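Structure first, then comments.
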Amino acid sequence: MSRPPAGPARPEPVQVVKERRDRALAALVGGVPFIGFLGIRFDRRGDELTALLPYEDRLIGNPTLPALHGGVTAAFLEVTAIVELAWTQLWDETETGRPAAQPGVLPPRLPKTIDFTVDYLRTGLPRDAYARARVNRSGRRYASVHVEAWQDNRARLFAQATGHFLLPARDG
């Protein structure tokens, strides 16, 4: 008895894809304790990530102004760049459901910072901050990323940065 020819594969339900993406991002972010220490969270909309640094009094560097600590700002931008770069590399694996996106598998190795230059454009105010990174170039071993941070108005950046990263060797 012959079987009828197989038709096109049915797409996965949206909820299954969404859960797989969320698990992959949680594994990526959860693998870096410093992200949790600073309280940074990531909002994922499709393949786009927005980082959120919720305001806390302990993040203030100059209580007279008050202003966010410059080191906190730089760390927020660098973490955003690294997570965006790793997420970009992880995206294809997540979409195919390969092992990197599965529960119980170690999170992927993260890119290593070669250099990172921060431009402090204005005072970081005592409120939530947001950031988005854009991968300018990504090759086999090297990547360049630009990051912008704002608070109340996306058009009024309080800091931006450019970083160069050494990418981890890909398996296989």
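The values are calculated or read from the model by the stated rules, or taken from the named source; none is laboratory data. Please read these numbers as outputs of a predicted model, since none were measured by experiment. For neighbour counting, all protein chains shown are included, and Cβ atoms are generated from backbone atoms with ideal geometry for every residue, glycine included.
Every residue, every condition in (1) in contact (Cβ under 8 Å) with a residue 40 or more places away in the chain; (2) more than 25 Å from Ala133 (Cα to Cα); (3) among the hydroxyl-bearing types (Ser, Thr, Tyr), yes or no:
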| site | (1), (2), (3) |
| --- | --- |
| Val14 | no, yes, no |
| Ala24 | yes, no, no |
| Thr50 | yes, no, yes |
| Glu56 | no, no, no |
| Leu68 | yes, no, no |
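Take the residues of the stretch 124-148 that are of a type outside the set (Lys, Arg), loosely packed, with under 14 Cβ neighbours inside 10 Å and assigned to a loop (DSSP other than H, G, I, E, B): which is modelled with the highest pLDDT?
Just the residues of the stretch 124-148 that are of a type outside the set (Lys, Arg), to begin with: 124-126, 128-131, 133, 135-136, 138-139, 142-148.
Narrowing further to those that are loosely packed, with under 14 Cβ neighbours inside 10 Å: 128, 136, 139, 142.
Checking which are assigned to a loop (DSSP other than H, G, I, E, B) leaves us with 128, 139.
On the way: Asp128: 98, Gly139: 91.
Filtering the stretch 124-148 for residues that are of a type outside the set (Lys, Arg), loosely packed, with under 14 Cβ neighbours inside 10 Å and assigned to a loop (DSSP other than H, G, I, E, B), the one modelled with the highest pLDDT comes out as Asp128.
Spot the failing condition for Thr94; the list is (1) surrounded by 14 or more Cβ atoms within 10 Å (Cβ to Cβ); (2) of a type in the set (Ser, Thr, Tyr); (3) modelled with pLDDT of 95 or more; (4) out of contact with any Gly (no Cβ under 6 Å at 6 or more places or on another chain), and only one is missed.
(3)
If the Cβ limit is 6 Å and pairs must be 6+ apart or interchain, which residue in the stretch 104-117 that is closer than 16 Å to Val83 by Cα and part of a loop (DSSP other than H, G, I, E, B) pairs with which residue that is of a type outside the set (Gly, Ala, Ser) and at pLDDT below 95?
From the stretch 104-117, the pairs are Pro107/Leu28; Pro108/Leu90; Arg109/Pro168; Pro111/Leu85; Pro111/Leu167.
Within the group Ala51, Ala81, Ala74, which residue is touching a Ser or Thr at 6+ places or on another chain (Cβ under 8 Å) and either modelled with pLDDT of 95 or more or closer than 16 Å to Glu148 by Cα (or both)? Walk me through it before giving the result.
On the way: Ala81 fails: touching a Ser or Thr at 6+ places or on another chain (Cβ under 8 Å); Ala74 fails: touching a Ser or Thr at 6+ places or on another chain (Cβ under 8 Å).
Going through Ala51, Ala81, Ala74 in turn, just one is touching a Ser or Thr at 6+ places or on another chain (Cβ under 8 Å) and either modelled with pLDDT of 95 or more or closer than 16 Å to Glu148 by Cα (or both): Ala51.
Answer with yes or no whether Phe42 is free of Cβ contacts under 8 Å to residues at least 60 places away in the same chain, under 19 Å from Ala149 (Cα atoms), aromatic (Phe, Trp, Tyr) and surrounded by fewer than 11 Cβ atoms within 10 Å (Cβ to Cβ).
Details: free of Cβ contacts under 8 Å to residues at least 60 places away in the same chain: yes; under 19 Å from Ala149 (Cα atoms): yes; aromatic (Phe, Trp, Tyr): yes; surrounded by fewer than 11 Cβ atoms within 10 Å (Cβ to Cβ): no.
Judged against the criteria, Phe42 is not a match.
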